[in-house]
Amino acid sequence: MRNLLLLPLLVAVAATVPLAAALSADGVALLAFKTAVTDDPSGALSSWSDADDDPCRWAGVTCANTSSSGPRVVGVAVAGKNLSGYVPSVLGSLALLRRLNLHGNRLSGTVPPALANATSLHSLFLYGNSLTGGLPPELCDLPRLQNLDLSDNSLTGSLPPELRRCKQLQRLMLSGNGFSGEIPAGVWPEMVSLQLLDLSDNSLTGAIPPELGKLAALAGTLNLSRNHLSGGVPPELGHLPATITLDLRFNNLSGEIPQSGSLASQGPTAFLNNPGLCGFPLQVPCRAAPPSSSTPPPPSAAGSISGAGGPRQPVKTSLIVLISVADAAGVALIGVIVVYIYWKLRDRRGDGCGGDGDDDEEGKRGLFPFPCMRADDSSDDGSDAGDDVKRNNTTTTTTASGGGGGGEEGQLVAIDKGFKMELDELLRSSAYVLGKGGKGIVYKVVVGNGTTPVAVRRLGGGAAAAERYKEFAAEAGAIGRVRHPNVVRLRAYYWSADEKLVVTDFVNNGNLATALRVHQ
């Protein structure tokens, strides 16, 4: 029926454009697109001509022998050519079109619902244009649609509930538009093939639907950042695969972050800039809510005095103070015992590696698992610790051998020349927890386009003397020059008064023990 409605338009185009006798219907539709383009500064469509009866020779057009009638157009890719104009509905008449890529132009107007007539279409890329209007629900009638990217346009309106019909869709990218309203509920369990969902940088409101936790095939990114979402983080999101990268930044979420399933493996960058969120992995403690003044507190069984069937009396204030003082005294006593045992053990260790006996074992070994290594223990000059590094807003030249005055202000020092990451990029990147141990928490941080994962060990805060920083930097310089298949490569470190980070290569597909067995 829709194809019949397009026939008058095709006839009109054929009547207004002098065509070669053998020009196919696919060629007519492509010439209609050229007519809809009002500005082609680079001449990207100059080869599209009615004088050439074979559109398969035109730039950006791909054909295949898919029928007895000869080659048919299966792909159109005219991206990043700064074209102005609009997307004509007649492109929907390309019945065997599989891929339409017009991203990175200046096309305006709406996304034509008639594109749903191109029933072979599996990839539609229109991102980076100036398209307006809403998201046509007819696109979900495409039976083979797998990739839909309409990001970085000016689309508005609400997300249609008809998205549930996009059962074959694998990647849905709608970021950088003006979509508003709530994220529709009841849609996501139907999208059984969805692997990536990006709704960031819109104006979506309301709560995060718990049904998003039922996206079992999700393997890449769930990005809901830079919206106006409110409420808590649904515990159901913990049902998502452990490899998922979650991004909920810059919303109005509140409450304690649930520690269930894959939520417990997300790094702090997944939850930043939500003033109401608290708990791990954010360094924001959750405070107990005060009891409502309209509802009396429940009676305390521990501090009540009751007779046989008599009324229960509340705990006296003096008893509460006494219990608090006793608790504080007990904690202080335990602390004194721990400190005493620590100093006793330290005195018994004596010198190790030829030291003077004044430092403990950790002081002599540094913060790295290489005993007694110093800056002069390695002769490998494969890397240099004197590269220029950038702070947050100031560019300084810092060497790994101790420049920085103890690191009071904090700086990211690149040990390896190939490490080009800056501190802001490191903190903004997606991360999730790999493990926790006596030396702190280890995160996997995915940088940039997702092709450069690194492992970041967070050693924690605590003030440290300047001479300790110099020792730390000297050992980092020595370890950074080590090149051995059984030694994880040290890329950079960060030192400040309240934070210490060590950045190394990420060992994929297992742990360090697995990697060692591989090299044996």
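The values are calculated or read from the model by the stated rules, or taken from the named source; none is laboratory data. Just so it is clear, the structure is predicted and the values come from calculations on it, not from any experiment. Positions of Cβ are backbone-derived with ideal geometry, glycine not excepted, and every protein chain shown enters the neighbour counts. SASA here: full protein model, heavy atoms, side chains in, ligands and nucleic acids out. Shrake-Rupley method; radii C 1.70, N 1.55, O 1.52, S 1.80 Å.
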Report the extension gain between ASP141 and SER46 in nm, rounded to one decimal, defined as 0.36 nm multiplied by the number of residues separating them, less their alpha carbon distance.
-> 30.8 nm
Length-normalised contact order of the stretch 25-278, Cα under 8 Å, at least 6 apart, in percent, tallies to 10 percent
Please arrange SER84, SER230 by accessible surface area, largest first, computed with a 1.4 Å probe and ligands excluded.
-> SER230, SER84
Per residue accessible area of the stretch 82-190, 1.4 Å probe, in Å² | 34 Å²
Please check which bits of the stretch 247-272 a label hung off SER230 would reach, taking the label as a point 7 Å along Cα-to-C-beta and the cut-off as backbone N under 14 Å.
-> 251-255
Using 0.36 nm per residue of separation minus the Cα-Cα distance, give me the extension gain between THR35 and VAL192 in nm, one decimal.
-> 52.6 nm
Would you grab the residues whose amide H sits under 5 Å from the one on CYS286? Only those 5+ places off in sequence or on another chain, please, with H modelled 1.01 Å from N.
-> GLY279
Report the label-to-label distance for ALA242 and ALA64 in nanometres (one decimal), using points 7 Å from each Cα along the Cα→Cβ vector.
-> 3.8 nm
Between VAL487 and ILE334, what length in nm is gained on full extension when 0.36 nm per residue of separation is reduced by their alpha carbon distance?
-> 51.2 nm
Label 7 Å along Cα→Cβ of CYS286; the stretch 214-231 residues with amide nitrogen under 16 Å?
-> 231
